[in-house]
Amino acid sequence: MITARQRNKMKKVFKTGYSKDVQKLLAEKAIWNKKGMPFSNSYITHVFNGRNTNNDIEDAIIELYQKRLYEETKITLRRKEIFGKKHKTDSITKD
């Protein structure tokens with residue numbers, strides 16, 4: 001089960017929608033509900049919020065969290081790399 005602390009950390013990274021991406025991950029892994037259909041967005045959010053438990057969905061949510069966190073970190077590092085360096089043109093424009 002996803003704890004409240006984990007959920008709060010994930011919310012900061014997910015910002016908006018995540019359930020569609022979780023659905024895609026589950027479909028890629030051929031994980032379906034008992035009727036052989038994809039899990040609904042509402043069921044995925046229920047698992048995320050702790051109303052229901054499903055290990056496969058929880059694993060997919062955590063996997064998506066790791067992917068988005070990696071992407072966010074990569075973007076942040078890239079921005080620091082670009083904007084953190086002092087270029088010769090920076091000192092020229094300041095004068």
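The values are calculated or read from the model by the stated rules, or taken from the named source; none is laboratory data. Predicted model only: the values in this text are computed from it and were never measured. All Cβ positions, even for glycine, are placed from backbone atoms using ideal geometry, and neighbour counts span all protein chains on display. With ligands, DNA and RNA removed, areas are computed over all heavy atoms of the protein, side chains included. Shrake-Rupley method; radii C 1.70, N 1.55, O 1.52, S 1.80 Å.
Applying the set (1) within 12 Å of Ile2 (Cα to Cα); (2) open to solvent by less than 50 Å² (accessible area, probe 1.4 Å) to Ile31 leaves exactly one unmet item: (1). Every test in (1) in a helix (DSSP H, G or I); (2) surrounded by 15 or more Cβ atoms within 10 Å (Cβ to Cβ); (3) not hydroxyl-bearing (Ser, Thr, Tyr) is passed by Lys9 save one, and that test is (2). Counting only helices (runs of 4 or more DSSP H) that sit completely within segment 24-95, those holding 1 or more residues that are among the hydroxyl-bearing types (Ser, Thr, Tyr), at pLDDT 95 or above and within 27 Å of Asn8 (Cβ to Cβ) correspond to 41-49, 55-84. Considering (1) within 12 Å of Ile2 (Cβ to Cβ); (2) buried (at least 17 other Cβ atoms within 10 Å of the Cβ); (3) of a type outside the set (S, T, N, Q), the lone condition that Asp21 does not fulfil carries the number (1).
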